[in-house]
Amino acid sequence: MECTDLLITIDDFIKQEVNYPNLLLVTGENDDRVPPLHSFKFLAALQEKGSNHSLYQIYTVRGAGHGVAISIQENIEKMMFIEHF
């Protein structure tokens, strides 16, 4: 299965007007295994089809790859965002 085939089918997993729980997606800006575009597409599908009562957001870690190897300061910023969410 090609990556583009997978992206097309993501929409099939998200049902219209389902009350999904609040969701925070965390992605690395330079992730070479799961490109950030996949996270953005998933987020867009949730925002379009999910409940208006739920919160769907994304946090992109600047300069991070798949393992999210980041500095202590960047990790603090990420954890503060997650805690605030």
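Just so you know, all these numbers are worked out from the coordinates, no wet-lab data involved. Computed from a predicted model, the values in this text were never measured in an experiment. Cβ: placed from backbone, ideal geometry, glycine included. Neighbour counts: every protein chain shown.
Going by how many other Cβ atoms sit within 10 Å of their own, how do His66, His53, His38 line up, fewest first?
Details: His66 13, His53 8, His38 17.
Going from sparsest to densest Cβ surroundings: His53, His66, His38.
Please list, or write none, the lysines whose alpha carbon is within less than 18 Å of the alpha carbon of Lys41, excluding same-chain residues fewer than 8 places away.
Correct list for Lys41: Lys15, Lys49.
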